[in-house]
Structure formats: C-alpha cells, structure tokens
Amino acid sequence: GAVVSQHPSWVICKSGTSVKIECRSLDFQATTMFWYRQFPKQSLMLMATSNEGSKATYEQGVEKDKFLINHASLTLSTLTVTSAHPEDSSFYICSASTVSSNQPQHFGDGTRLSIL
Amino acid sequence: KQEVTQIPAALSVPEGENLVLNCSFTDSAIYNLQWFRQDPGKGLTSLLLIQSSQREQTSGRLNASLDKSSGRSTLYIAASQPGDSATYLCAVKDDYKLSFGAGTTVTVRA
C-alpha cells in the first residue's frame, strides 16, 4: 500500500530553536499534503494544506510565520516550527493524497516534538 | 462547519467479543468516510474507506457501514483480540479536508 515517511520521529530541543520536520510520499505522487497537530487524548487538528509548487493554505488560528510549510516536489513537504517554545510541544502528523477527492489519505508515523 | 462525534470515548471488552464503534457527523455532503487505527505515540493506519455512494465496506474481521442521510457510520470488529487494542478514529472528507472525531479507545482483555 501507499507509504508516507515522516522524519524525525522524535525531537527534543531548547526553547528558541527552529525545528524542521520532513514528510515524504514513497511510492506515489502526492499533489496535496496535509499537516496536523494532535494534543494528548485529543483528535487531529488540521493546521495547513499544501499543494506542490504553491503556497500553503493555513487553517484559522494557525500562525503561518510560526509554522513554515514548503512543498517543493510531488514527494516532499516540510514543516518548520520557527523559534519553538514549550507550548509548541505536540505530536505533528503529515498526510499525503493524490489529486482525486475520492482517494484515501495516507499518514506518516508522526513526530513527537518536545521543547524544553 | 463539520462536527464529527465518536461514542463511546472508551471501551473495554473481553477477548472474543464483537466490537461496535459509532461515528456521527453533522453535514451529510461528504465525499467519503475513513476509519483509522492509531496505536499510542504512532501515526494513523487506514482501515476502511467508504465512498459517499456506498453503504458498507468489509476487510477481514472489519465491517464499516455508512448512512449518509442520517450522518452515521458504524465500525464492527468481529471476534476481538488483544491486538485490536488501540484508538479508532473516523474522519469524513468534505471539500478538501478530513474532519476527525476524537476517537474511541478500545481495550481488549485477554
């Protein structure tokens, strides 16, 4: 089946550091990639949607200057958490989809981000 | 705005019992509904995808039904096993994005 690879799986860093998370679709061309955030025992909240070659669309309440998204190719999207603070600590998950709305979304294994 | 609700929030059953997980959504204008499994600290594994025109999908011990007009889906897991212990999430796709429920955490006791 379709595979989405997310790296790193776990990051611990100091407050003020910028952290980059990569999301790759390994065996299909992902025209659209999605970035989600999940707090403990809560559901996934969509942060932004990115289409290859264009600017990401951010959900209401998500700071685009804080969470930089780049979707440079059909197989790679990156999320950079800039000047991270403890409140940014969370579980971040990416997913990828082809152009068709009726196809399933495939998810990465997530990145646990802990800011000290 | 689409609201997705999953009941119950948690469920504990003895091994061998059948599981019934419920999902409801407020806006019936959806493309599809997807059921996922999430193990602690992990990403999501897709279990079943039901298109809006379909009534149900089956895969092994899993069966999911969809009643779009009433905004409901049910995931059935037959003859549960301890390895089925996980959180199960449903998500509906409308327009461009998935809207998730909060999940049902299942514990199957050996």
- Task: Find the all-direction average of the projected area of the Cα convex hull for the range A:41-116, expressing the result in square nanometres with one decimal place.
- Result: 5.9
- Message: Using amide H atoms built in the peptide plane, which far-off residues or other-chain residues are under 5 Å from B:Glu56 H to H?
- Response: B:Leu66
- Message: Taking θ = phi - 60°, what integer Hz values does the Karplus form 6.51 cos²θ - 1.76 cosθ + 1.60 yield along the range A:9-19, in sequence order, with x for Gly and Pro?
- Response: 8, 8, 9, 10, 8, 7, 4, x, 7, 9, 10
- Item | Residue among B:Ser85, B:Ser53, B:Ser65 with the largest mean-square fluctuation in a Gaussian network model of chain B, springs linking Cα atoms under 10 Å | B:Ser53
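If you add up the charges near A:Arg37, with Lys and Arg at +1 and Asp and Glu at -1, over every other residue whose beta carbon is less than 11 angstrom from its beta carbon, what do you get?
Once all neighbours under 11 Å are counted, the net charge is -2.
For the range B:39-110, which trypsin sites (Lys or Arg not before Pro) pass both filters: DSSP loop (anything but H, G, I, E, B) and at most 15 other C-beta atoms within 10 Å?
Values: sites: B:Lys42, B:Arg55, B:Arg61, B:Lys68, B:Arg72, B:Lys93, B:Lys97, B:Arg109; in loops: B:Lys42, B:Arg55, B:Arg61, B:Lys68.
The qualifying sites are B:Arg55, B:Arg61.
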- Leaving out ligands, DNA and RNA, what percent of the accessible area of the range A:24-116 is carbon and sulfur, probe 1.4 Å? 51
- Buried solvent-accessible surface, both chains (A, B), 1.4 Å probe, Å² to nearest 100: 1600
- Highest-MSF residue in chain A out of A:Pro40, A:Pro86, A:Pro104 [GNM, Cα springs under 10 Å]: A:Pro40
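Which of the trypsin sites (Lys or Arg not before Pro) found in the range A:45-116 are loop residues per DSSP with 13 or fewer other Cβ atoms within 10 Å of their Cβ?
Numbers: sites: A:Lys55, A:Lys64, A:Lys66, A:Arg112; in loops: A:Lys55, A:Lys64, A:Lys66.
The qualifying sites are A:Lys55, A:Lys64.
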- Message: What Kirkwood Rh does the protein assembly as shown have if only Cα atoms enter the pairwise 1/r average? Answer in Å.
- Response: 18.0
- List, in the order given, every pair from A:Lys41/B:Lys97; B:Lys42/B:Lys93; A:Lys64/B:Lys68; A:Lys41/B:Lys1; A:Lys55/B:Lys42 whose Cα-Cα distance in the structure shown is over 24 Å. A:Lys64/B:Lys68; A:Lys55/B:Lys42
- Message: Could you derive backbone 3J(HN,Hα) for the range B:63-71 from the dihedral phi with the Karplus parameters 6.51, -1.76 and 1.60 (θ = phi - 60°), listing whole Hz in sequence and x where the residue is Gly or Pro?
- Response: 9, 10, 10, 9, 10, 5, 5, 9, x
- Tell me the label-point distance for the pair B:Ser59, B:Tyr76, using the 7 Å Cα-to-Cβ offset, in nm and rounded to one decimal. 1.8
- In this structure, the FRET efficiency calculated for B:Asp95 and A:Glu52 from their beta-carbon separation, with R0 = 22 Å, to the nearest 0.05, is 0.70
- Counting DSSP beta bridges with both ends in the protein assembly as shown, the antiparallel % (nearest 5): 90
- Could you give the accessible area per residue of the protein assembly as shown, probe 1.4 Å, as a whole number in Å²? 48
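Quick one: net charge of B:Asp27's neighbours, Cβ under 9 Å, K/R +1, D/E -1? Kindly include the intermediate steps, with their values, before the conclusion.
Numbers: positive: B:Lys1; negative: B:Glu3, B:Asp94.
Value of the local net charge: -1.
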- Compute the signed sum of charges (Lys and Arg +1, Asp and Glu -1) over the other residues within less than 15 Å, Cβ to Cβ, of B:Pro82. -1
- Dividing the mean separation of Cα pairs under 8 Å (6+ apart) by the residue count of the range A:11-116 yields a relative contact order in percent of 36
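What stretch of chain A, leaving out the sites themselves, is the longest with no GluC sites (Glu not before Pro) in a DSSP loop having at most 15 other Cβ atoms within 10 Å? Intermediate results must be reported in sequence, preceding the final value.
Details: sites that count: A:Glu59, A:Glu63.
With GluC sites (Glu not before Pro) excluded where exposed in loops, chain A gives A:1-58 as its longest stretch.
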- Which value, in debye to the nearest 20, describes the size of the charge dipole of the range A:15-116 about its Cα centre when Lys and Arg Cβ atoms bear +1, Asp and Glu Cβ atoms bear -1, and nothing else is charged? 80
- Task: Search the structure for amide H atoms under 5 Å from the amide H of B:Ser85, placed 1.01 Å from N in the peptide plane, and list their residues when 5 or more places away or on another chain.
- Result: B:Val108
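The values are calculated or read from the model by the stated rules, or taken from the named source; none is laboratory data. For clarity, every value in this text was computed on a predicted model and none was experimentally measured. Positions of Cβ are generated from backbone atoms using ideal geometry, with glycine treated the same way; all protein chains shown enter the neighbour counts. These area figures cover heavy atoms from the full protein model, side chains too; ligands, DNA and RNA do not enter into them. Shrake-Rupley method; radii C 1.70, N 1.55, O 1.52, S 1.80 Å.
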